[in-house]
Amino acid sequence: MRQTLVAGNWKLNGSLQSVKELISGIKAGAADAGGTQIAVCPPFVYIPLVSELLAGSSVAWGSQDVSDQESGAFTGEISAAMLKDFGCRYAIVGHSERRALYAEDDEFTARKFAAARKSGLIPILCVGETLEEREQGITEQVVERQLDAVIKLEGIAALGEAVIAYEPVWAIGTGKTASPQQAQDVHAFIRAKLAGLDKAVADKVQILYGGSVKGSNAAELFAMQDIDGGLIGGASLNAADFLAICKAGG
Ligand code: PEP
């Protein structure tokens, strides 16, 4: 039985004050979220603060990105070991905004995935198609290509120690949510693909849905057989909204 995981991706948002308020609100309500595992992914600079505020609580934290490099002359980069030093459990890799806005391709994403794992972080590997790709009927091909880059570099077993987030690009930050059945279809495809390589990995891996999840649609999404939680953008910036989603998974 896979546990539901709800992870908040705060993106480029927050201030010292708002981070303190948001964490305090999430901590206050986390106990009511049943068995849902909860995580937040703040901007890098707030990770030390978040690690102090969440220490000893049931809420985990992670990063929104990670360098593919361990150390050296890579100005502006943050390594997986540095994130580990501040108690991160997760690192998001391959978010569609990284892929689209910063030209991070499948191979680069796979190297980030590998770097995260090497330092003991759990990568949250984002995959998903654009609207154009969906309309062309190549959603499965795109998702398969994105998964294959990681499997080629790291092997199928590595996905058993990771989280996958299916995030249709057309649903991210747009208010358009994939219908539960649309999301389930892709989740089932991902799980079947993995099962073809290693059934135990397929049974174990948490596959999250991301794309305009809200308190009002989370329960029906999380009720689908292959949807094991959510990666939440906009609605993770408000404690009450985020907790409503967490409760829907509990
Ligand atoms: C995301 O950025 O991962 C995301 C799912 O954003 P939103 O919930 O705002 O669509």
**Report entry** Coordinate range along principal axes, alpha carbons of the range 46-87, Å, largest first
**Finding:** 35, 15, 14
Report task. Enumerate the whole-percent occupancy of each 10 Å bin, from 0 to the last occupied one, for all C-alpha pair distances of the range 122-221. Result -> 16, 50, 29, 5
Query - Gaussian network model of the chain, springs between alpha carbon atoms under 10 Å - residue of G155, G196, G230 with greatest fluctuation - result: G196
Query raised in the report: Of F242, A115, I232, which is farthest on the positive side of the dipole of the chain, counting Cα position, with +1 on Lys and Arg Cβ, -1 on Asp and Glu Cβ, and the Cα centre as origin?
Result: F242
Report task. Write down, largest first, the equivalent ellipsoid semi-axes of the chain in whole Å, where each equals the square root of 5 times an eigenvalue of the alpha-carbon gyration tensor. Result -> 25, 22, 17
Query raised in the report: What does the helix-only formula give at 222 nm for the chain: each DSSP H stretch with n ≥ 4 adding -39500 (n - 2.57), the total divided by the residues, and the result rounded to the nearest 500 deg cm²/dmol?
Result: -13000 deg cm²/dmol
Query raised in the report: Considering only the other residues whose Cβ falls under 15 Å of the Cβ of A183, what net charge follows from Lys and Arg at +1 and Asp and Glu at -1?
Result: -3
Requested in this report: Kindly identify the range 64-149 as rounded, prolate or oblate by the Cα gyration tensor criterion: order the square roots of the eigenvalues as a ≥ b ≥ c, call it rounded if a/c is under 1.5, otherwise compare a/b with b/c, prolate if a/b is larger, else oblate.
Outcome: prolate
Report summary line: Here the Cα Rg-to-2.2 N^0.38 Å ratio for the range 171-250 is 1.12
Query - GNM flexibility winner over the chain from Q37, Q181, Q146 (Cα, springs under 10 Å) - result: Q181
Query raised in the report: Can you work out ³J(HN,Hα) from phi for every residue in the range 157-164, in order, using Karplus 6.51 cos²θ - 1.76 cosθ + 1.60 and θ = phi - 60°, giving whole Hz and x for Gly and Pro?
Result: 4, 4, 6, x, 10, 9, 10, 10
Query raised in the report: When the dipole is taken about the Cα centre of the range 124-250, and only Lys, Arg (+1) and Asp, Glu (-1) are charged at their Cβ, what size is it in debye, to the nearest 20?
Result: 260
**Report entry** Descending semi-axes in Å of the range 1-114, equivalent ellipsoid built from Cα gyration tensor
**Finding:** 25, 16, 13
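Computed from the coordinates by the stated procedures, all read-outs in this text should not be read as laboratory data. On a predicted model such as this, the values are computed, not experimentally measured, just so you know. Heads up, the Cβs are rebuilt from the backbone with ideal geometry, glycines too, and the neighbour counts pull from every protein chain shown.
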